[in-house]
There are 2 protein chains.
Amino acid sequence: MRVVVVGGGAAGMTAASRIKATKPDWEVIVFEETNFVSHAPCGIPYVVEGVSRADHLMYYPVEFFRKERNIDVRINSKVVEAGEGYVRVRENGNENKYEWDRLLIANGALPKVPKVEGAELENVVTIRHPAFAGKLKKMVDEAKRIVIVGAGYLGVEMAEAIASLGKTATVIEFLDQPLPNLDREIAELVKVEMSKRVDLRLNEAVKAFEGKEKVERVITDKSSYECDLAIVATGVRPNVEIAKMLGCKIGETGAIWVDEKMRTSVENVFAAGDCAETKHMVTGKRVWIPLAPPANKMGYVAGVNIAGGDLEFPGVLGTQLTKFFELEIGSTGLSEKAAKAEGFEVKATTIKARTRVHYYPGGRDITLKVVADKEGRILGAQAVGSEVAMRINVFAAMIQAKFKARDVFFSDLAYAPPLTPIWDPIIVSARTLRF
Amino acid sequence: MRVVVVGGGAAGMTAASRIKATKPDWEVIVFEETNFVSHAPCGIPYVVEGVSRADHLMYYPVEFFRKERNIDVRINSKVVEAGEGYVRVRENGNENKYEWDRLLIANGALPKVPKVEGAELENVVTIRHPAFAGKLKKMVDEAKRIVIVGAGYLGVEMAEAIASLGKTATVIEFLDQPLPNLDREIAELVKVEMSKRVDLRLNEAVKAFEGKEKVERVITDKSSYECDLAIVATGVRPNVEIAKMLGCKIGETGAIWVDEKMRTSVENVFAAGDCAETKHMVTGKRVWIPLAPPANKMGYVAGVNIAGGDLEFPGVLGTQLTKFFELEIGSTGLSEKAAKAEGFEVKATTIKARTRVHYYPGGRDITLKVVADKEGRILGAQAVGSEVAMRINVFAAMIQAKFKARDVFFSDLAYAPPLTPIWDPIIVSARTLRF
């Protein structure tokens, strides 16, 4: 049996590893377009910030997968064509054809570029692949004035990176808040913090990039911003080209349709990671939320099933986490606006709390918003401040478990004066929701 | 209606507040033996350590409850007798009788004192009540050599306090490990850390305290330790005296028997907090685990039900958390040994992980042990190292939700390079348990 994996990122390498662990005799070939495998795109802002090294943005090096896991990893190898039982690969200047018995499409997502004039200018860049992190870092270091287009998670992280380098960053966001998935009053806290460090421009649409060869200014519907580097972080789109060549169904989200076993609509063709859609655990609806932890797990599930096992991926909550300097920002499940848009009758509570008992020094603020349906079932949580990851993770487990506010209130959370408050904000939020 | 509350601690004041919130017209009298209410005994070690102030070990001052919540709080008032419909109270040098329609017993637990010779000597002290924290701090400050008897949670916390003051502490534990509720290999990590800072003596039984008026040495079955202060932290026992006077059933655990509504066996008499037993959420068995967060919630439930509401307390997991210098230590649910003692066929996994992705600086070690039954249902978790509270809290929610290893693996936990690893130790532990 030969399995071909298209894409050596999180999903692809996790799947390949799982297949070889189960079926050591099977041949597993991974074709990766760059020279990075098991790469960590989430680390790019921290390379730019100078706290992480570009060549560290791999979980394991190529040789590890070749020698320790016996996976035939081909780097700098781009799959340019796929058909029933074969792929055509451009590698070392040649094109070769490979046959497969099972195929996994795991070639991720691609950055969106706004369709405006001048987007092709030099120094208008997207944040793509860890393989380009070093180059991006160099461009940022050489730039004096930088415009970031988009205040989503990546935009916020790039803003931190650039501000922490002491450079002037202007962040232009089309919407009226940063981090559009958050409810307004939570995003407001992020906005306040961002405004201290960067020139945050909300409700502005980029109309053009101008310059001779390199970008010199960004033109919006309201103003014009001089710059020598424009970083475009306006989101990503699923990479569905190979899937389309194979005739795989594309889902309503625009990503590759897969079932719970990561099977596409075409026999023996699987898809996992940022190119594939999945199910939302709260709404049950199909969603496309390209994030690293689910990508890894989708890869794991695909690997188990390709190797003849039987495992189902239950879906995602869209859990997200980031930070802007000292401010941690996280969310899981549905925001209030998303819950209402889904037709839920919503009860919501927002509390501000401290992360320690009053008598132990070092307590810091956390603002927690919890959204429930009218029966008190928890639909989502958002938090901003300190020790956000803990609260978001607890809520992620609780939402998966379909907890109601009462269950949350009675959760037996840990308490120690140097580490937590006696009534954790999680418990307090449940109490204020009533039950 | 008049409600009398015996004891102004966590459970008592939470209940009193709840009753007045629901029934503002009812009279609620709280009799508290000391001059502290809503007190925080967990803070005593940190007063000794010098990071917290003794007079801050109240969540709210007496006046707050009197003025803001209209509760008739009587401090320095000890209930010395109770019978059907009345209590007798010693206050201001007098004894007064009060009638009640409903009574809540919330007078907590009392320190156990080993029954050995010399236990009555001066400077042999127990850690009792926040009201005595200032005095204890003074005694520790004046002492040069201190023996701590007992290496449970309180013993470990006192050891940190004394070692951080630069004083010599000898910790004597009867058992062969500190923190007896932890499995051996987890406790071993605590032992290693403690041994760097204090003179930890395991497998030693205290036989006597010796001295003229003040203690001068502690005699064990193996050795003798000079000291000018001996702190006894060998556990607590439930305060059941008042309950017995009323004829309330005492449970098999030795604490006051209550049902899910915090009703004792005697009509109109409720009990909550450290004097009452409850149910273990994993085993369903009756347990007595006196800890602050459940005490608060039992008080809340008692308050709701005393005021005519209908709320059930679902029980506890025995979640505990503490730290010894940089080492955080936590557990929830059953340890492997406890699970085996309960008759479970156990699968367990212990993993060592880092708290960050490899490429982001600041990652630290965490060791996580997870215990499951043979079907993979999670029974308990223990962790030692950094960012333990998060993992323990997530597992507390997951155990309450009856998650199996597979559910844990698919939990959609948050990821951001500066804050968490990509495969959280929680997820890794589930993967190693297999499913």
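The distance between label points at A:D365 and B:N76 comes to 4.1 nm (points 7 Å beyond Cα on the Cα→Cβ vector).
Which residue fluctuates the most in chain A, going by a Gaussian network model with Cα springs under 10 Å, if the choices are A:V240, A:V113, A:V258? So, out of A:V240, A:V113, A:V258, the one fluctuating most is A:V113.
Quick one: in the range B:1-67, what % of C-alpha pairs are over 14 Å apart?
Taking all Cα-Cα pairs of the range B:1-67, the fraction more than 14 Å apart is 59 percent.
Does a label point 7 Å from the Cα of B:K112, set along Cα-to-beta-carbon, have any residues of the range B:271-294 with amide nitrogen under 14 Å, and which are they? Once the point is set 7 Å along Cα→Cβ of B:K112, B:288-290 turn out to lie under 14 Å by backbone N, inside the range B:271-294. Annotation: peptides B:176-187, B:101-112, ranked by per-residue average of other Cβ atoms within 10 Å with the highest first, follow the order B:101-112, B:176-187. In this simple spin-label approximation, B:R90 and A:T168 carry label points 7 Å from Cα along the Cα→Cβ vector, and these lie 7.7 nm apart. With neighbours defined as other Cβ atoms within 10 Å of a residue's Cβ, the residues A:M298, B:M245 order from fewest to most as B:M245, A:M298. Taking Cβ atoms as reference points and 10 Å as the exclusive limit, the residues near A:S265 contribute a net charge of 0, counting Lys and Arg as +1 and Asp and Glu as -1. Fewest neighbouring Cβ atoms within 10 Å first, the residues A:I422, B:I148 line up as A:I422, B:I148. Inter-label distance, A:K138 to B:K212: 8.2 nm, where each label sits 7 Å from its Cα along the C-beta direction.
Taking a virtual spin label 7 Å from the Cα of A:V266 along the C-beta vector, which residues in the range A:1-28 bring their backbone nitrogen under 20 Å of it? Zone members listed by number: A:1-9, A:11-13, A:15-16, A:28. Using a/c under 1.5 as the rounded threshold, could you call the range B:327-433 rounded, prolate or oblate? The axes a ≥ b ≥ c are square roots of the C-alpha gyration tensor eigenvalues, and prolate needs a/b larger than b/c, oblate otherwise. It comes out prolate by the Cα gyration axes. Please give me the summed charge of the neighbours of B:K78: other residues whose Cβ is under 9 Å from its Cβ, Lys and Arg +1, Asp and Glu -1. My count for the surroundings of B:K78 gives -2. Label-point spacing for A:K337 across the identical copies (point 7 Å from Cα in the Cβ direction), in nm and ascending order: 5.4. Among A:M390, A:M1, B:M158, the ranking by other beta carbons within 10 Å of each residue's beta carbon, starting with the fewest, stands as A:M1, B:M158, A:M390.
Within the protein assembly as shown, the percentage of alpha carbon pairs spaced more than 52 angstrom apart rounds to 23%.
The local environment of A:R2, defined by Cβ-Cβ distances under 9 Å, has a net charge of -2 under the rule Lys, Arg +1 and Asp, Glu -1. Note on chain A: with a GNM built from Cα contacts shorter than 10 Å, the maximum mean-square fluctuation among A:R53, A:R364, A:R356 falls on A:R364.
Evaluate 2.2 N^0.38 Å with N set to the residue count of the range B:113-232, then give the Cα radius of gyration divided by it.
1.00
A Förster radius of 35 Å, combined with the Cβ-Cβ distance separating B:E252 from A:E185, puts the computed FRET efficiency at roughly 0.10. Each residue of the range B:72-82 was assigned a 3J(HN,Hα) from its phi angle through the Karplus expression (A = 6.51, B = -1.76, C = 1.60, θ = phi - 60°), giving 7, 8, 10, 8, 6, 10, 9, 6, 9, 8, 9 Hz with x at Gly and Pro.
Radius of gyration (Cα atoms) of chain A, expressed as a multiple of 2.2 N^0.38 Å: 1.03.
Each value in this text was obtained by applying a stated rule to the coordinates, not by laboratory testing. All figures in this text were calculated on a predicted structure; none of them were measured in a lab. Here Cβ is always computed from backbone atoms with ideal geometry, including for glycine, and neighbour counts include all displayed protein chains.
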